[in-house]
Amino acid sequence: MNLYLRVLSYVKPYWYFMAGAMVCMACFALTSSATVWVALPFLQTLFGQETVQTVQGTPTGQPGQAGQGGQPGQGGQLDVAQDSANRLEQRTGMTGLRETLKDRTNDLIRRPTKQATLERLCLIILFILLLKNISSYLQAYLMAYAENGVIKDLRNHLYIHLHRLSLSYFHRERTGELISRVSYDVMKINGTISAAFGTLVKEPMLVVVFLAILLILSWQLTLVSLVLLPLSVLVITTVGRRLRRSSTASQEAMADLTSTLQETVAGVRVVKAFNMESFEIGKFKRQTQHYFRTLLRLTHMHNLASPITEILGSAVGLAILWYGGRQVLEGGLLAPEDFLTFFLALFSMMKPVKELGQVHNRIQEGIAAADRVFSVLDTAPEITDAPGAVPLPDLRREIRLDRVDFRYDAVSDPALEEIDLVVQAGETVALVGPSGGGKSTLVDLVARFYDPTGGRIVIDGKDLRSVTVASLREKMGIVTQDVILFNDTVRNNIAYGVADMPLDRIQSAAAAANADAFIEQLPDGYDTFLGERGVRLSGGQRQRIAIARAILKDPQILIFDEATSSLDTESELLVQEAIDRLMKGRTALVIAHRLSTVQKADRVVVVDRGRIVQSGVHGSLIQEDGLYKKLYNLQFRDQEPVAE
């Protein structure tokens, strides 16, 4: 119930659409019942012996009882008096209400001739049908507007919350799983909203008005028709519980399928390089087969309630047909035309009852999806602004890491231990060390993608946890090793994060990154779309676009993870020139993979197994018999320029 109420809370902004839809639903229910009720005078008009009565209630056109002038004879007067007495005697309780409503309907419809009555009746039916269908269209449109608006708001809320979550969350969760929740699961919730405000409002209205007709016509037969209602509720509730479990399994299978598809497409180069197409196809087929089976179970449970409800309803109908038919034949309870109207109303009520039988299942499917969506929304961001956090002023003195420790979770080994490091404003510090030694973790802490589990990081004396995250990252430019470019134009990729940037400034940044020349040669220059992840560019070109992006932002603090991919000599020189321009005059933390970078750095810090093991300049460290010398011999020595 709590999940259900949370879903419905998103309906508040659209309450006026819902209110309008409910008014239309009420109109639809009344006009639907009216079409059934007017069946009675329609039958009487076509098959009845009498069409119109005089003011006294005496049939006209009966020679034996009245003359041509319409004056009743003595026998006619006695018949009329007896008929009036009988009708007054009968008009008590539900029977009286029934006869009164029938008279009022006849007064509205009947005319002096059957032909005129039929014409008027057709006009009334036409008006009712027009009103009924206009109401149906309007309620469907208003409901669709509100439902789709809720789904849009919920999807936006989920997407916004995902961006607020910390980096660690995305390391724990699969990308395909998150995509499935934002797309597939949110859409499944639409069924819950539709059931809540469509089926649960509209169908009960129809049931009520048809039930009212049934009670008016014969409360005895109506009681017989309600005998099997508790059994129907029991069946529907049991099926609904099983349906929720099947729906959850189906949504999880879809998430697995989406994850596999996302990973395969993202890693298609590796798949082809290792001739693993057959393996990945087999894996995908197994998952589609599993999803197919979960869908079959879901379909089985989903469709089980409907035939059971219909069978029970048909049993009721047959019981009414047998019992009521006998009463009609024996001349009790109902007149034949009343019994036909009762039967028509009963079977008209079957459709909304059947829909109500399905609504519990639809709600359970939506609740299963809502559980997965709200599990994301209930995940609290680990990195947030502390109460009273202030904007970070411009860097003037230093970045200090004071005895910093960090673990990714409570059970893992320390990623960093007792890190003491001071980076002066304007200084370039190159971080080197074996893979997995903690270099990337260290710069992630400076960017506050994570908070230290011990110690603190301060900028000009201000703890990073006491300043706003936005103001910290506004001061930073981050160039990752795996260059991320979006499926957008070159212009928008370079200006990413900087709104309304003039083209001349973008071109200046591209020129500083040695990217302007190749950009101008692209089919549409700066308006060329790069494709997903910039697949239309070479590795060196992607690196220079990323550097241009950082130059345009003009950050005070630069975090730069050099790409390890090898480039041809010309591209290497162009990239290195761009890096030099990028780092000039900035405070920089660089995870270095190029000899030229460590040689030009103001200081080299060697990180191994989560600790700083050496620190100094390249020239002095190379003379020490330490880890840096080993790394130099393994990693950098081949990059030394060859003497001529």
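The values are calculated or read from the model by the stated rules, or taken from the named source; none is laboratory data. Computed from a prediction, not measured in an experiment: that's the story for all the values here. Virtual Cβ from ideal backbone geometry, glycine too; neighbours counted across all protein chains shown.
Residues considered: Leu131, Leu121, Leu158. Of these, the only one that is touching a Leu at 6+ places or on another chain (Cβ under 7 Å) and either of a type outside the set (Lys, Arg) or without any contact (Cβ under 8 Å) to a residue 24 or more places away in the chain (or both) is Leu158.
Take the conditions among the acidic types (Asp, Glu), within 51 Å of the chain's Cα centre (by Cα) and modelled with pLDDT of 80 or more and apply them to Asp625. Does it pass? Criteria not met by Asp625. Taking residues in region 518-529 that are under 10 Å from Thr489 (Cβ atoms), and partners anywhere that are among the polar types (S, T, N, Q) and assigned to a strand (DSSP E or B), the pairs with Cβ atoms closer than 9 Å and at least 6 places apart or on different chains are Asp524/Thr489; Tyr526/Thr489; Asp527/Thr489; Thr528/Thr489; Phe529/Thr489. Buried (at least 21 other Cβ atoms within 10 Å of the Cβ), assigned to a helix (DSSP H, G or I) and of a type outside the set (Asp, Glu) - does that describe any residue in region 473-483? No, every residue in region 473-483 fails to be buried (at least 21 other Cβ atoms within 10 Å of the Cβ), assigned to a helix (DSSP H, G or I) and of a type outside the set (Asp, Glu). The set of residues in region 102-141 that are loosely packed, with under 14 Cβ neighbours inside 10 Å and under 30 Å from Thr192 (Cβ atoms) comprises Asn133, Tyr137. Kindly indicate whether Val265 is of a type in the set (Val, Ile, Thr), loosely packed, with under 12 Cβ neighbours inside 10 Å and either at pLDDT 75 or above or under 32 Å from the mean Cα position of the chain (by Cα) (or both). For Val265, the condition - of a type in the set (Val, Ile, Thr), loosely packed, with under 12 Cβ neighbours inside 10 Å and either at pLDDT 75 or above or under 32 Å from the mean Cα position of the chain (by Cα) (or both) - is met.
Checked against the criterion of being over 35 Å from the mean Cα position of the chain (by Cα) and on the phi < 0 side of the Ramachandran plot, the candidates Phe347, Phe374 yield just one match: Phe347. Sub-7 Å Cβ pairs linking a first residue in region 13-40 that is more than 11 Å from Ser135 (Cα to Cα) to a second residue that is outside any helix (DSSP H, G or I), at least 6 apart or interchain, are Met18/Val11, ordered by first then second residue. Within 22 Å of Gln251 (Cα to Cα) and not aliphatic (A, V, I, L, M) - does that describe any residue in region 194-215? Yes: region 194-215 contains one or more residues that are within 22 Å of Gln251 (Cα to Cα) and not aliphatic (A, V, I, L, M).
Within the option set Val423, Val411, Val373, being surrounded by 21 or more Cβ atoms within 10 Å (Cβ to Cβ) and out of contact with any helix residue (DSSP H, G or I) (no Cβ under 7 Å at 6 or more places or on another chain) holds for one residue only, Val423. Filtering region 391-408 to residues that are within 43 Å of the chain's Cα centre (by Cα) and part of a loop (DSSP other than H, G, I, E, B) leaves Pro391, Leu392, Pro393, Asp394, Leu395, Arg407, Tyr408. When Val411, Val376, Val443 are screened for being farther than 25 Å from Ser466 by Cβ and assigned to a helix (DSSP H, G or I), only Val376 passes.
Screening the candidates Arg505, Arg533, Arg491, Arg542 for the property of being modelled with pLDDT under 85 and either assigned to a helix (DSSP H, G or I) or closer than 19 Å to Leu582 by Cβ (or both) yields one hit, Arg533.
Look at (1) in a strand (DSSP E or B); (2) touching an Asp or Glu at 6+ places or on another chain (Cβ under 7 Å) and you find that Ala430 fails only one, number (2). For Arg400, the test of being basic (Lys, Arg), surrounded by 15 or more Cβ atoms within 10 Å (Cβ to Cβ) and outside the structural domain of Ser246 (by TED's automatic domain parsing) is passed. Could you tell me which residue of region 585-606 is surrounded by the fewest Cβ atoms within 10 Å (Cβ to Cβ), considering only residues that are assigned by TED's automatic domain parsing to the domain that holds Glu427 and in a strand (DSSP E or B)? Applying the filter and picking the extreme gives Arg603. Within region 354-409, the set of residues being of a type in the set (Phe, Trp, Tyr) and out of contact with any strand residue (DSSP E or B) (no Cβ under 6 Å at 6 or more places or on another chain) comprises Phe374, Tyr408.
Consider region 272-298 and keep the residues that are farther than 17 Å from Thr260 by Cα and among the basic types (Lys, Arg). The one that is modelled with the lowest pLDDT is Arg297.
Take the conditions (1) within 30 Å of Leu221 (Cα to Cα); (2) modelled with pLDDT of 75 or more; (3) not aliphatic (A, V, I, L, M); Gln327 misses just one of them, which is (2).
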